[in-house]
Amino acid sequence: MHKKQLRIRYIRALETFFKKTINLLKLHNFDFVLFKIRTEKNYKNILKLDSIILTSSYFIALKAFINQTLNFLEHHSSSFKEERNTLLRNANLLQKEKNRNMYTKDKHKNSKFNDDY
């Protein structure tokens, strides 16, 4: 496989883990045991792929979120309430980071061709 294909596959695996983790955390009837089982299963999909160095600030934060999630699975309080709130807050900040990079201002808006129709 080409390096670009491996990179895209790795990025998709990271983002899939992120999305599935958020969906599990947002459930009204949150169950820690189910969360732990599914998160470990989703993480195994990432481990199947070769780790690739990603230098974007979004991807660095995404890897940090995944590491923090796995750390909270091993070392957590009895109710997991504080950890859940922390993960949801960090996930929200991560989504804001991604959206901030996606939407950029059009620098030359006035210099585009306009034929007045």
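Things worth noting here:
- Residue-level analysis places Phe18 among those that are closer than 25 Å to Arg100 by Cα, modelled with pLDDT of 95 or more and surrounded by 12 or more Cβ atoms within 10 Å (Cβ to Cβ).
- Considered as a group, the residues in region 3-15 that are under 13 Å from the mean Cα position of the chain (by Cα) and of a type outside the set (Asp, Glu) include one that is surrounded by the fewest Cβ atoms within 10 Å (Cβ to Cβ), and that residue is Arg12.
- Filtering region 20-58 to residues that are more than 17 Å from Leu88 (Cβ to Cβ) and charged (D, E, K, R) leaves Glu40, Lys41, Lys44, Lys48, Asp50.
- Against the conditions (1) under 23 Å from Arg100 (Cα atoms); (2) part of a helix (DSSP H, G or I); (3) touching a residue at least 40 places away in the same chain (Cβ under 8 Å), Ile8 satisfies every one except (3).
The values are calculated or read from the model by the stated rules, or taken from the named source; none is laboratory data. Computed from a predicted model, the values in this text were never measured in an experiment. Neighbour counts are summed over all protein chains in view; Cβ atoms, including those assigned to glycine, are modelled from backbone coordinates with ideal geometry.
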